[in-house]
Every structure is written in structure tokens, then in C-alpha cells.
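The values are calculated or read from the model by the stated rules, or taken from the named source; none is laboratory data. Since the model is a prediction, treat every value here as computed from it, not as a measurement. Note: ideal-geometry Cβ built from the backbone for every residue, glycine included; neighbour counts use all protein chains shown.
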Amino acid sequence: MSLDGKRALITGASGALGAAIAQRLARDGATVLLHANSRPEAVEKLAADITAAGGRAECHVFDLGSDESTRQACEAMLAAGPVQVLVNNAGVHDDAVLPGMRAEQWHKVIDVSLNGFFRVTQPLLLPMLRTRWGRIINMSSVASLTGNRGQVNYAAAKGALNSATKALSLEVAARGVTVNAIAPGIIASPMADGAFDKTLIDQLVPAKRAGKPDEVAALTAFLASADAGYITGQVISINGGMV
């Protein structure tokens, strides 16, 4: 599944899942553009690791919550050519039951996951379409499909991202661009490890374990490949059998 000659932007590459996706796409031949905001040192180390392994990586630090910061970053990336693989992975949690949720908690989660998708995807889309080949992969969540207590904001953001995935796929399919969403379940990470103990995972997940970031990265790499050219407009779950 070669991505030689493709440039791939991974937002939220400073986290465990984004880093795994970046490493996999780099291994498949893509030049990976690594986005971070609050943790630039994490993507700098990731870029060094990818380069040391023979891959190609660049760091792009900008605030997905800012129209101007994201616009400038996209212009800088496009100066070197179109971005043909876009993984909208960045997202945040700020959990609370809705009666106790502050307005800023609602707006922050919606802004990064949903408005961030627009801020990055919209400026990169026309250059991608002109190449008549592209892959847009939006990282959703099982919460968007089943809901989750204390995550009305997060479920709303990811549910809207699923709908945007389906609508955008219809607009760009004839130009060789696919748009899909991945809805992970419980994936091992420092954040998930603190929220889900083994007993709870056994209750929630038929497979009786958390998923691995590399497993989500493998699905992402497949959707980014030429082999997945007839798959578009889909929300694909990877969750160990969770309903």
C-alpha cells in the first residue's frame, strides 16, 4: 500500500493515536506533516524518530481553534504542493453531565473536533481535488454512535463529523477523493488507561481488551491507500465488538 509521493497531514499528531498513524503512513512512503498545538516538543521528537527510521516528516505547530492561525499554516503547507491525505485526528475531551456542563466546555470540544475539521479541510480541498486523487479520514468515536454519559459535547461533535463525512463524500467522489470516518472504541493511551480499568473493559468490550493505536493506524493506512479507492462516505467502527 505505497503512499510514495503523497503528502499526509495528521492533526493531533502529538497524542498516542496521532503518532501511531503518522509512523504508519511514513512507513508506507508518505511525507507526513505533523500538527500539534500545546505540545510541539512531542511532534519534534516524533519527526526525529520518523526521519531516523528513513521516513520524511515536517512539524507544523498551530492552533486549530484559530481561523487565522490555521489559515496561515495551511498556506505554508500548500506552498510545497497539495496535501493529498488528510487525517483529521485532533480532538479534546472536557467531560461533564449536561446539567453541570459549563458553556466553555461545550464550545471548546465542538470547536476543536468540528470547527477544526472545517478550518483545515476547506483550504486544503481544492488543491487536493485538482490532483484528482485524495483521502480524507476523520477520526470519530464510538460515542458518536452509542452516546456516552458525561460526553454530550463530545458525542455531538463526533456525530456531526460523521454527518459531514457523508455529505462531503458526495461532493468529491467524482474527483477521485474519498472521505471516510473511523469510530474507535476504547484504545490504549495514557488518557484511556486512567479512565478504563480491566474490569470495566471486560464489561464493555466483547474482545476483553483495549485496542492498540497501531490497529487504528493500520485501518487508517488502508483507507489512505489506493486499495480503498471504492470506499467512501463510511463510518467504520474499530471497537472489539462493542455494540
- Note on the structure: Looking across segment 171-190 at residues that are modelled with pLDDT of 95 or more and polar (S, T, N, Q), the single one that is nearest to Lys212 (Cα to Cα) is Asn180
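Could you list, in sequence order, all residues of segment 207-238 that are assigned to a helix (DSSP H, G or I) and either touching a helix residue (DSSP H, G or I) at 6+ places or on another chain (Cβ under 8 Å) or at positive phi (or both)?
Filtering segment 207-238 for residues assigned to a helix (DSSP H, G or I) gives 213-224, 226-228.
Across segment 207-238, the qualifying residues are Pro213, Asp214, Val216, Ala217, Ala218, Thr220, Ala221, Phe222, Ala224, Ala228.
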- Query: Could we say that Leu34 is in a strand (DSSP E or B), at pLDDT 95 or above and not β-branched (Val, Ile, Thr) here?
  - Reply: yes
- Residues located in segment 43-73, provided they are surrounded by 18 or more Cβ atoms within 10 Å (Cβ to Cβ), in a helix (DSSP H, G or I) and either in contact with a strand residue (DSSP E or B) (Cβ under 9 Å, 6 or more places away or on another chain) or charged (D, E, K, R) (or both): Val43, Leu46, Ala47, Ile50, Ala73
- Item | Unique match (being surrounded by 14 or more Cβ atoms within 10 Å (Cβ to Cβ), among the polar types (S, T, N, Q) and over 24 Å from Asp63 (Cβ atoms)) among Thr178, Thr165 | Thr178
- For Ala103, work out the one condition from (1) closer than 21 Å to Thr165 by Cα; (2) free of Cβ contacts under 8 Å to residues at least 40 places away in the same chain it doesn't fulfil. (1)
- Message: I'd like to check something: does segment 142-151 contain any residue that is touching a residue at least 60 places away in the same chain (Cβ under 8 Å), among the hydrophobic types (A, V, I, L, M, F, W, C) and part of a strand (DSSP E or B)?
- Response: no
